[in-house]
1. GLU301 to ASP252: FRET efficiency via 1/(1 + (r/R0)^6), r the Cβ-Cβ distance, R0 25 Å, to the nearest 0.05?
2. Hey, what angle do you get for helix 283-294 against the long axis of the chain, alpha-carbon based, 0 to 90 degrees rounded to 10?
3. Length gain on complete extension for the stretch PHE6 to ASP143, per 0.36 nm per residue less the alpha carbon to alpha carbon distance?
4. Out of LEU26, LEU263, LEU155, any idea which swings most in a Gaussian network model of the chain, alpha carbons joined below 10 Å?
5. How long is the gain from ARG157 to LYS116 if the chain were fully straight, where each residue apart is worth 0.36 nm and the alpha carbon distance is subtracted?
6. Leaving ligands, DNA and RNA out of it, rank PHE208, PHE278, PHE129 by accessible area with a 1.4 Å probe, largest first.
7. Just to confirm, what accessible area per residue do you get for the chain at 1.4 Å probe, in whole Å²?
8. Taking the Cβ-Cβ separation of LYS333 and GLU73 as r and a Förster radius of 25 Å, what is the calculated FRET efficiency to the nearest 0.05?
Amino acid sequence: MTGLPFARYPTARPRRNRTHDSVRRLVAESRLSLDDLIWPIFLVEGQGRRDPIPSLPGVDRLSPDEAVAAAQEAWALGVKAIAPFPFTDPALKDGTATEALNPDNLVCRSVRAIRKALPEMMICCDVAFDPYTDHGHDGLLLDGIILNDETVDLLVRQAVALAAAGSDTVAPSDMMDGRVGAIRAALDAAGHQDVRVLAYAAKYASGFYGPFRDAIGSKAALVGDKRTYQMDPANSDEALREVALDLAEGADIVMVKPGTPYLDIVRRVKETFRVPTFVYQVSGEYAMLKAAAQNGWLDGERVMMETLLGFKRAGADAILTYFAPEAAKILRKG
Ligand code: PBG
């Protein structure tokens, strides 16, 4: 790339291709578009409720009716995919995530309502137990140990309930081994052959999930940490192995999470497997940028667009981001 065919300075002047916006647009290698955005939203029981989440400025927990309205607004803006997450009433939490399997739980009811209003919207629901367990873990816990296979047996039931409610995409975010294959088989057996699995394939044990855990009310509950199932931030080859396993088990789309600190993983996954690869710009990434912008330390709009474009440059096909509606408004202006 840097060898002979290229002229050198002063013949070569890379700045020539940067003189005006017109030429900069022509030589741009990556582009962010409305088609790249998935909007995670938070749900809460009630009617007409929009409860602000202090550690996620500008993000509210929405009651099901407000979630429908928000989804419709997103759709009108051109954001055609949402990912709803529930704040579960603490009284409904227990050690075995019973409420996760309730076909009339908050998330299932909301998905039904959104599906009715927007038949074509992509509705992507998390498969994991952390919103439902009194210990805050994604799986079942016995004497301080996460039980892999017992968790998978229940996760498949959660996935089928979500699909029955109208979720066209289920996204296991729990990081148990073998869950993608088990979920695929259970969906197929229940007649949901067309429901796709978006695997949180390379999900790291990250400090950047803090505000999300406030939003779903799992932070206070969480006993210990998630390092026995989420990946070690030190590892990169292991991400390829996780992705390979999930693809072999039938994942339709894979995801890397968090985003900005793991752009190298996005790049490696995309280059190695050449399959649809999504990235999650997680709550802590959003909160950092918002907080700095609110203090006047960063130009919020600019860094938002820069991080989103960075995901595209790294090779991501789509991005889960709390910025989705805000970014959509800017993209619509061209
Ligand atoms: C839970 C889940 C988490 C996120 C998405 N699904 C948190 C966690 O694993 O603790 C994080 C998203 C974010 O921080 O925005 N299974």
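The values are calculated or read from the model by the stated rules, or taken from the named source; none is laboratory data. Predicted model only: the values in this text are computed from it and were never measured. No Cβ is skipped: glycine too gets one built from the backbone with ideal geometry, and neighbour counts run over all protein chains shown. The area values use the complete protein model at the heavy-atom level, side chains included, leaving out ligands, DNA and RNA. Shrake-Rupley method; radii C 1.70, N 1.55, O 1.52, S 1.80 Å.
1. For R0 = 25 Å, the calculated efficiency reads 0.15.
2. 60
3. Stretched fully, the PHE6-ASP143 segment lengthens by 43.0 nm.
4. LEU26
5. That works out to 12.5 nm of additional length.
6. Listed by decreasing accessible area, they come as PHE208, PHE278, PHE129.
7. 46
8. The formula returns an efficiency of 0.90 here.
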